[in-house]
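For reference, the structure discussed in these notes is given below.
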Amino acid sequence: MRRMREEGEPRIHHGFSIRKMTEADLTAVMALEKAAFKNPWSPELLRRELEHEWSTILLVEEPQPETAPLLLGLAIFWIVHDEVHVLNVATAPQHRRRGVARAVMDEVLERGKARRCSLATLEVRRSNEAALQLYRSLGFRPVGIRPNYYVDEGEDAVVMVLDF
């Protein structure tokens, strides 16, 4: 008889290990957030996401010989009713263009499909052409603009949707 994979067990995706974040990962996740964004999420906000049953934070790691795995990226998303809502995708700057964001987004979308979601939504900076290209390649389509969504920089967000 085949055993189903437990929710917390790491999964290999595109050669990376992907697993759920725990409180013990907070220091490493904060370092990644600070490296990836001008306005990173706060530790308090990340802790709150860990407490919500509808929220998941996935970490993308690369196994290292004889040391702890290296944190390359993450995704934070909600599953509410039949919708996946992606809140945050981050890749460590020195590991960009390696497929980290694609690997974690593939896992996010697989989890949504497994939970019988019918669509996925996200907002992305209008100027983030690499992210826009990634999301388009995954099947997302732009459906609107949120003016001044990123208030600190005064930048608009492109709202994107993917129908499963």
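Assorted remarks:
- Scanning segment 109-118 turns up one or more residues that are among the aliphatic types (A, V, I, L, M) and crowded, with 16+ Cβ neighbours inside 10 Å.
- Leading residue by the ranking (farthest from the chain's Cα centre (by Cα)) among those in segment 54-65 that are open to solvent by 60 Å² or more (accessible area, probe 1.4 Å) and modelled with pLDDT under 95: P65
- Contact annotation: residue pairs with Cβ atoms under 7 Å, 6 or more positions apart or on different chains, pairing a residue in segment 78-102 that is free of Cβ contacts under 8 Å to residues at least 60 places away in the same chain with a partner that is among the polar types (S, T, N, Q), are W78/S55; D82/S118; E83/T121; H85/T121; A101/T91.
- Here F164 fulfils each of the conditions (1) touching a residue at least 24 places away in the same chain (Cβ under 8 Å); (2) within 25 Å of A35 (Cα to Cα) apart from (2).
- Considering the conditions (1) farther than 18 Å from A131 by Cβ; (2) touching a residue at least 12 places away in the same chain (Cβ under 8 Å), Q64 is excluded by exactly one of them, (2).
- Hits in segment 9-51 (condition: open to solvent by 60 Å² or more (accessible area, probe 1.4 Å), over 23 Å from A103 (Cα atoms) and assigned to a loop (DSSP other than H, G, I, E, B)): K38, N39
- Segment 107-140: number of residues that are touching a strand residue (DSSP E or B) at 6+ places or on another chain (Cβ under 6 Å) and of a type in the set (D, E, K, R): 5
- From the options R97, R3, residue that is at pLDDT below 95 and under 24 Å from L132 (Cβ atoms): R97
- Any hit, segment 66-89, residues being loosely packed, with under 15 Cβ neighbours inside 10 Å, more than 17 Å from V29 (Cα to Cα), charged (D, E, K, R) and under 13 Å from the mean Cα position of the chain (by Cα): no
- Output for segment 119-164, where each listed residue is part of a strand (DSSP E or B), open to solvent by 60 Å² or more (accessible area, probe 1.4 Å) and among the β-branched types (V, I, T): V143, I145
- Segment 36-45: number of residues that are among the hydrophobic types (A, V, I, L, M, F, W, C) and touching a helix residue (DSSP H, G or I) at 6+ places or on another chain (Cβ under 6 Å): 1
The values are calculated or read from the model by the stated rules, or taken from the named source; none is laboratory data. All figures in this text were calculated on a predicted structure; none of them were measured in a lab. We place every Cβ from the backbone using ideal geometry, glycine too, and count neighbours over all the protein chains shown. Areas reflect the complete protein model, heavy atoms only, side chains present, ligands, DNA and RNA absent. Shrake-Rupley method; radii C 1.70, N 1.55, O 1.52, S 1.80 Å.
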